[in-house]
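K.L.:
Dumping the structure here so I can ask a few things about it.
The values are calculated or read from the model by the stated rules, or taken from the named source; none is laboratory data. Predicted model only: the values in this text are computed from it and were never measured. Virtual Cβ from ideal backbone geometry, glycine too; neighbours counted across all protein chains shown. These area figures cover heavy atoms from the full protein model, side chains too; ligands, DNA and RNA do not enter into them. Shrake-Rupley method; radii C 1.70, N 1.55, O 1.52, S 1.80 Å.
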Amino acid sequence: MTFSPLNTRTAILAGSGLCAAAFILSDLVNREMSPVAETVSRFVNTGHGWLVTVGLVGLALAGAASAVRVADRPGRVLLWIWAAGIAVSAVFPADPPGNWAAPSVSETVHGLAAWVALGSFTTAAVVLARRWRGLPGTPRALAPVTAVLAASMVLFVVTLVDAMAFRELPALLGVTERAVIAADLVWMCVAAFRVPAASAAPVPDRVPERA
């Protein structure tokens with residue numbers, strides 16, 4: 001089956017929009033937890049936890065469409081890992097907060113899949129932004145969005161390590177994770193408007209003889 005650039009772009013935008021809408025609505029209606037302190041995936045344990053699953057499905061859809069759209073092999077493989085990891089994290093929900101020391105099997109699978117996915121996407125974004133830099137058809141916004149994405153990922157890692165081991169920083173884990181997710185969504189949407197280079201014209205088997 002052949003996917004046109006327009007179809008993949010539509011899928012990326014639709015999946016990203018679904019993810020953003022579901023996660024924002026989850027933060028608004030689920031008052032049991034704080035979106036500042038708790039990660040998005042923890043909200044699956046609230047009264048409207050299904051919204052988290054819907055958001056992850058949308059994120060996986062956008063990731064898969066991004067992988068189909070990208071022709072660069074390293075980037076495509078990393079984006080497929082990203083989409084698969086998010087899909088696995090949707091199937092295996094996270095534990096409620098405060099259970100860092102004794103995670104369930106579902107939490108362990110969820111966490112590993114999520115980290116593999118986030119690491120793969122960050123790597124893909126940086127690699128592809130460098131490969132596409134200066135090429136015709138690449139949106140100018142891609143470079144600054146990539147820089148923001150990388151910085152957000154660093155902040156998320158810092159706050160996660162602190163929450164798990166030190167607890168010296170303010171409880172901002174939810175904010176930094178949401179910043180990473182937002183940057184990932186924006187990156188996929190911006191990259192969806194990149195115009196791939198036209199394929200080289202085929203060379204004829206032989207040159208027609210002159211009359």
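K.L.:
With N set to the residue count of segment 1-62, report its C-alpha Rg divided by 2.2 N^0.38 Å to two decimal places. Working shown, then result.
P.N.:
Numbers: Rg = 13.7 Å, N = 62, 2.2 N^0.38 = 10.6 Å.
Relative to the rule-of-thumb radius for its length, segment 1-62 sits at 1.30.
K.L.:
OK, next. Specify the residue with the greatest mean-square fluctuation among 109, 195, 175, computed from a Gaussian network of the chain linking alpha-carbon atoms under 10 Å apart.
P.N.:
195
K.L.:
When the accessible area of segment 1-135 is computed with all protein chains present and a 1.4 Å probe, what percentage of it is carbon and sulfur? Don't skip to the answer; put the middle values down first.
P.N.:
Values: 4580 of 6600 Å².
Summing carbon and sulfur atoms, their accessible area is 69 percent of the total for segment 1-135.
K.L.:
Continuing with the same structure: Quick check: pseudo-label points 7 Å beyond the Cα along Cα→Cβ at residue 135 and residue 155, how many nm apart are they?
P.N.:
According to this spin-label approximation, the distance is 3.0 nm.
K.L.:
Using the per-residue mean of other Cβ atoms lying within 10 Å as a proxy for protection, in what order, highest first, do the peptides 22-35, 119-132 fall?
P.N.:
The packing order, highest mean first, is 119-132, 22-35.
K.L.:
Could you do me a favour and compute the accessible area per residue for segment 49-116, 1.4 Å probe, result in Å²?
P.N.:
Heavy-atom accessible area per residue stands at 46 Å².
K.L.:
Another question, if that's okay. Extending each Cα 7 Å along its Cβ direction at residue 7 and residue 167, get the distance between those two points in nm, one decimal.
P.N.:
5.2 nm
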